[in-house]
1. Would you please report the Å³ per residue occupied by the convex hull of the alpha carbon atoms in segment 114-249?
2. Rounded, prolate or oblate: pick one for segment 94-193, where a ≥ b ≥ c are the square roots of the eigenvalues of its C-alpha gyration tensor, a/c under 1.5 means rounded, and failing that, prolate if a/b is larger than b/c, else oblate.
3. Pop out the carbon and sulfur fraction of the accessible area of the chain as a percent, whole number, probe 1.4 Å.
4. Pop out the ³J(HN,Hα) list for segment 65-76 in order, Karplus 6.51 cos²θ - 1.76 cosθ + 1.60 with θ = phi - 60°, rounded to Hz; leave Gly and Pro as x.
5. For segment 140-233, run through the GluC sites (Glu not before Pro) and keep only the ones in DSSP coil with at most 15 other Cβ atoms within 10 Å of their Cβ.
6. How much area per residue is accessible in segment 96-246 when the probe is 1.4 Å and only protein heavy atoms are counted (Å²)?
7. Counting other Cβ atoms within 10 Å, which trypsin sites (Lys or Arg not before Pro) in segment 18-97 have at most 16 and lie in a DSSP loop?
8. Straight-line reach only, C-alpha to C-alpha below 23 angstrom: list the lysines that Lys77 could link to, leaving out same-chain residues fewer than 8 apart.
Amino acid sequence: HFSFKDIFKWGECIKELKKNDYDLVLMPYQSVGDAVTSALMNGRNKAAFVSDINGIAFPHAVVEDDCERHFAFKPLKILEGIGNHLEKPYGYEIILSEGEVESATTALRDLSKDSRSRVLAYFRGARGTKVLSENVWKGIVAKFKDYDPENTICVEILSPDIQTPLEGDTQVYQNADMRALAAFLAQCDMFICSDTGPLHLADAAGANCIGLFTETDPTVYGCIGANTVNVTDIENIEVNVIYSQLGLK
């Protein structure tokens, strides 16, 4: 809420936060809003990365080094900087319950009908220059459908921003519960998405992810799961190569 438009909501948030005395306040990402909010909180120990923004608000400042190139792992350096030993490789998986998996399996079965079909899910949402045009998306989806047209079912993931499917005959799925969405994507045979939230959610859930990177560097922001493919050459996607990399026949 740290904006002129939501300044009163932010004030209420600070008022609520100041009712507590915190033993530890961590600020893993740098922003003016986060710094001001954290500075106003009552906390005996506050830790963040060293920067001009933080000033005296964070007495336990940690120097950020470049040994962790991937963006997802950089914040963990704060934990090491205040004396914690972290085991590698880092665990980042979402652990889904049996009930969550069962519900997702049922939802997918209701959409696909034929259990022998391969389910290709995709999400077109993105921000700024990461957004791909409808024509580009139609070309991507067509490549995967044409590779095995008789056995491929497409499911488009909808959201508050995208309520109309790309193609009228496509099955759709929408769920505001992030864990339920993660479970559903993990049950699909493939999930195609630009560098945005659902892609990394699916990655953490163990889904077969195909990440489309047009503006960001996949070595910094890419999928990190074993069964994922980061694509930068969108125009020349080779479906057979991706199938092989994902271990699909």
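1. 107
2. Numbers: a/c = 2.00, a/b = 1.21, b/c = 1.66.
In terms of gyration-tensor shape, oblate.
3. Numbers: 7400 of 14150 Å².
That fraction is 52 percent.
4. After applying 6.51 cos²θ - 1.76 cosθ + 1.60, I find 9, 9, 6, 9, 6, 6, 4, 5, 9, 4, x, 5 Hz.
5. For GluC sites (Glu not before Pro) across segment 140-233 that sit outside H, G, I, E and B with at most 15 neighbouring Cβ atoms in 10 Å, the list reads Glu150, Glu167, Glu215.
6. 48
7. Values: sites: Lys18, Lys19, Arg44, Lys46, Arg69, Lys77; in loops: Lys18, Lys19, Arg44, Arg69.
Those satisfying the criteria are Lys18, Lys19, Arg44, Arg69.
8. Within the straight-line limit of under 23 Å, Lys77 reaches these lysines: Lys46, Lys88.
The values are calculated or read from the model by the stated rules, or taken from the named source; none is laboratory data. Keep in mind that this is a model prediction, so the values were computed, not measured. No Cβ is skipped: glycine too gets one built from the backbone with ideal geometry, and neighbour counts run over all protein chains shown. Each accessible area value is taken on the protein alone, full model and side chains, heavy atoms only, with ligands, DNA and RNA left out. Shrake-Rupley method; radii C 1.70, N 1.55, O 1.52, S 1.80 Å.
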